Amino acid sequence: MSVPVFLAGAAALAADPVVLDGPEGRHAAAVRRLRPGERVDLTDGAGRVAECEVATAGRDALTARVLRRYEVEAPRPRLVVVQGLPKGERGELAVEMMTEAGVDVIVPWAAARCVTQWKGDRAAKSLARWRSAAREAAKQARRFHLPEVTEQAGTARVRELISGAALAVVLHEEAAEPLSGLTPPKAGEPGDVVVVVGPEGGIADDEIAGFRDAGAVPALLGPTVLRTSTAGVAAAAVLLARCGRW
């Protein structure tokens, strides 16, 4: 069974013993019911890790002795997925799966054909749910670098991301180039690989044209048409394998 991972601030990680309290402490003590002598890994989500052993456990907090500290380098190249806003809870599902796969940055995209619209209070609540889904999935997947879920982006911002990428791809069912035939930077090399996933209604012609002009390559993911909520994780799997991060 994998050692559970919990998030702690950098200051808490520097102490010995480490005090894990707040929501993370309550989850460790009351939900996971960790007890003295059990192993736990604590991270700040930015690469710092403390391998620990639980010393004491209360109702909503625990203390842990540090066995070893180390840092994990952020993976390169970064994989950035621009996700057209899906309907309902499929957005959180997409974020969860992409986080488990190893996507580094998730960009919610307000595409022209999005059925879902993030405006006002709904935008803040939806973004908070995406970030919470990423945080919980990262702990489950034992990721010591949490993925970044950015603010909602418009199409102009997506073009900027494409322009600055080492490789930029737009998934499109009419593309001739297979995604598996593209050559991303190798593992350890700098740069961003940007993948654009359209919404349920597809990517508009003017969006495709603008992305091409910015340097993106339209690519075919496979012989079937995937939902927008699953296309991102499927594309991530192909590219992470191609670059050697998997």
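The values are calculated or read from the model by the stated rules, or taken from the named source; none is laboratory data. Quick caveat: nothing in here was measured; it's all calculated off a predicted structure. Because the Cβ atoms are built from the backbone with ideal geometry, glycine has one as well, and the counts that use them run over all protein chains shown. Areas reflect the complete protein model, heavy atoms only, side chains present, ligands, DNA and RNA absent. Shrake-Rupley method; radii C 1.70, N 1.55, O 1.52, S 1.80 Å.
Taking 8 Å as the Cα distance limit and 6 or more residues as the minimum spacing, I'd like the relative contact order of the chain as a percentage. In percent, rounded to a whole number, it is 20. Here the chain is assigned +1 on the Cβ of each Lys and Arg and -1 on the Cβ of each Asp and Glu. Its dipole about the Cα centre then comes out at about 680 debye. Spread over its residues, the convex hull of the C-alpha atoms of segment 116-246 is 122 Å³ per residue. Considering only 15, 50, 219, give the residue with the highest GNM mean-square fluctuation for the chain, with springs between Cα atoms whenever their separation is below 10 Å. With Cα springs under 10 Å in the chain, the top fluctuation among 15, 50, 219 is at 15. For segment 64-185, the Stokes-Einstein estimate of translational diffusion at 10 °C and a viscosity of 1.306 mPa s comes to 99 µm²/s, using the Kirkwood hydrodynamic radius over alpha-carbon pairs.
Please give the calculated 222 nm ellipticity per residue for the chain, where each DSSP H segment of at least 4 residues contributes -39500 (n - 2.57) and the sum is spread over every residue; nearest 500 deg cm²/dmol? Walk me through the numbers before you get to the answer.
On the way: 7 runs with 78 residues, N = 246.
Mean residue ellipticity, 222 nm, calculated: -9500 deg cm²/dmol.
Give me the lysines in straight-line cross-link reach of residue 119: C-alpha distance below 21 Å, same-chain residues under 8 apart excluded. Reachable lysines: 87.
Net charge of the neighbourhood of residue 186, taken over other residues with C-beta under 10 Å away and scored Lys/Arg +1, Asp/Glu -1, is +2. Sites listed here are trypsin sites (Lys or Arg not before Pro) in segment 95-194 whose DSSP assignment is loop and whose Cβ has at most 15 other Cβ atoms within 10 Å: 113, 119, 142, 186. Ignoring aspartates and glutamates fewer than eight residues from residue 125 along the same chain, the ones with Cα atoms less than 19 angstrom from its Cα are 89, 92, 96, 136, 148, 151. Taken over the C-alpha atoms, the chain has Rg and Dmax values of 19.8, 60 angstrom.
For segment 33-135, the share of DSSP beta bridges that are antiparallel, to the nearest 5, is 75%. Per-atom-type breakdown for the chain gives carbon and sulfur 49% of the accessible area (1.4 Å probe, protein chains only). Considering every alpha-carbon pair of segment 1-67, the percent of pairs per 10 Å bin, from zero through the bin containing the longest distance, is 25, 63, 12.
Rg and Dmax of segment 141-192, both derived from C-alpha coordinates alone, stand at 14.0, 38 Å.
Computed over the chain with a Gaussian network model linking Cα atoms closer than 10 Å, the most mobile of 224, 43, 99 is 224. Less than 5 angstrom separates the built amide H of residue 168 from those of 194, 217, all sequence-distant by 5 or more or on a different chain.
Within the shell defined by Cβ-Cβ distances under 10 Å, the residues around residue 244 carry a net charge of +2, with Lys and Arg each +1 and Asp and Glu each -1. Considering only 66, 95, 80, the mean-square fluctuation computed in a Gaussian network model of the chain, springs between alpha carbons under 10 angstrom, is largest for 66.
Among residues other than residue 43 with Cβ under 12 Å from its Cβ, the summed charge is +1 (Lys and Arg +1, Asp and Glu -1).
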